[in-house]
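The values are calculated or read from the model by the stated rules, or taken from the named source; none is laboratory data. A quick note: this is a predicted structure, and the numbers were derived from the prediction, not measured. Cβ coordinates were reconstructed from backbone atoms using ideal geometry, including for glycine residues, and neighbour counts include every protein chain displayed. SASA here: full protein model, heavy atoms, side chains in, ligands and nucleic acids out. Shrake-Rupley method; radii C 1.70, N 1.55, O 1.52, S 1.80 Å.
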Amino acid sequence: MLEIKNIKKIYNPGEITEMTLFNGFSLNVDEGEFLSVVGSNGSGKTSLLNIICGSIPVEGGKISIDGKDITKDPEYKRYRYIGRVYQNPSLGSCPNLTIEENMSLAGNKGKRFGISPGVVKSKHLYYRSLLEPLGLGLEDKMDVRVGLLSGGQRQALSLIMATMTPIKFLILDEHTAALDPKTAETIMELTDRIVKQKHLTAIMVTHNLRYAVDYGSRMIMMHKGDIVLDRYGAEKEKTQVKDLLALFNSISIECGN
């Protein structure tokens with residue numbers, strides 16, 4: 001279980017551009033939950049992910065996983081039990097290394113790196129078995145540099161790499177936003193399959209309202225650092241895209257847009 005309690009986040013403190021985004025923000029995410037997060041630009045979606053992952057510090061509050069306080073844990077320690085896939089496909093892999101070399105690095109996350117060979121031939125078939133179900137032919141391109149792959153292929157590879165080691169949380173940061181519609185659908189189906197097969201707790205930030213409605217077990221909408229909608233279970237299943245659009249429009253009118 002992830003517990004975020006009374007978080008305070010101030011950008012540029014003490015400067016003329018100082019801005020308080022979160023002021024007493026709290027959120028609990030239960031084990032096995034697939035949470036979709038939507039909201040307008042500047043609502044705090046990506047900042048929330050960065051706070052969970054330790055990419056940015058907070059000025060107050062507490063972050064706990066399974067009752068353990070991780071608020072002051074550095075980013076690298078949190079990634080022992082967190083996998084993250086970014087919006088930019090190039091951020092989840094090393095472009096100058098081959099697919100096999102990338103997978104070897106991902107498989108060693110959280111472990112010590114010695115002077116032994118980076119790629120172990122005995123794991124070649126295992127890596128192929130992870131790629132083959134994707135249906136993208138990546139299992140036959142193990143010696144191809146990742147920088148030569150398409151955006152969709154790299155994002156699919158990033159998803160596999162992010163979940164190769166035992167993790168508790170999968171963080172998805174608009175991971176379909178840079179892809180064409182057909183490829184985005186493929187990546188979403190792959191995401192849903194991986195989350196279910198590995199029984200992961202997932203948090204997905206997305207601007208695609210249909211994905212927020214169709215996938216996951218819970219959905220929240222954020223606005224100016226607060227949660228303005230929280231639906232799960234049967235209530236979420238009843239939610240339609242038009243319902244979210246109506247709320248977006250009402251917020252927009254309230255803000256004078």
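For the reader, a short list of remarks on this structure follows.
- Using R0 = 51 Å, the C-beta based FRET efficiency linking Ser122 and Val241 works out to 0.60.
- Legend: P(r) of the stretch 37-156 from all alpha carbon pair distances, 5 Å bins from 0, whole percents, reading 2, 9, 16, 17, 17, 14, 12, 9, 4, 1.
- Linear extension gain, Met1 paired with Ala234, 0.36 nm per residue minus alpha-carbon span: 81.8 nm
- Reachable lysines, given that their alpha-carbon falls under 18 Å from the alpha-carbon of Lys8 and they are not under 8 places away in the same chain: Lys45, Lys62, Lys72, Lys224
- Shape metrics for the stretch 203-254, restricted to C-alpha atoms - Rg then Dmax, Å: 10.6, 29
- Full-extension gain in nm, Glu59 to Glu189, via 0.36 nm per residue minus C-alpha separation: 43.1 nm
- Electrostatic dipole magnitude of the stretch 1-111 [Cβ: Lys, Arg +1; Asp, Glu -1; Cα centre; debye, to 20]: 160 debye
- Rounded to whole Å, sorted largest first: equivalent-ellipsoid semi-axes of the chain, Cα gyration tensor: 33, 22, 17
- Apportionment of accessible area to carbon and sulfur, the chain, percent (1.4 Å): 51 percent
- Most to least packed among 160-168, 51-59 [average Cβ atoms within 10 Å]: 160-168, 51-59
- With the whole protein complex present, Leu149 retains an accessible surface near 20 Å², based on a 1.4 Å probe.
- Length gained when the stretch Asp73-Asp143 is fully extended (0.36 nm per residue, less Cα-Cα span): 21.6 nm
- Spatial separation of Cα centroids for the stretch 36-111 and the stretch 166-223, in angstrom: 15 Å
- Largest-first principal axis extents of the Cα set of the stretch 155-197 (Å): 30, 17, 14
- Simple point charges give the picture: +1 on the Cβ of Lys and Arg, -1 on the Cβ of Asp and Glu, and for the stretch 177-257 a dipole about the Cα centre of about 180 debye.
- Along each principal axis, taking the top coordinate minus the bottom one, the Cα set of the stretch 1-60 gives 42, 24, 19 Å in descending order.
- Here the chain is treated with +1 on each Lys and Arg Cβ and -1 on each Asp and Glu Cβ, and its dipole about the Cα centre works out to around 680 debye.
- Under 29 Å from the Cα of Lys123 - lysines, other chains or at least 8 residues apart: Lys77, Lys109, Lys111, Lys141, Lys168, Lys196, Lys198
- Listed residues Glu139, Glu101, Glu235, most fluctuating in the chain (Gaussian network, C-alpha, under 10 Å): Glu235
- Averaged over its residues, the chain has an accessible area of 51 Å² per residue, based on protein heavy atoms and a 1.4 Å probe.
- Coarse-grained scattering of the stretch 120-175 at q = 0.22, 0.24, 0.25, 0.31 Å⁻¹, given as base-10 log I(q)/I(0) from a Debye sum over alpha-carbon atoms: -0.96, -1.09, -1.15, -1.38
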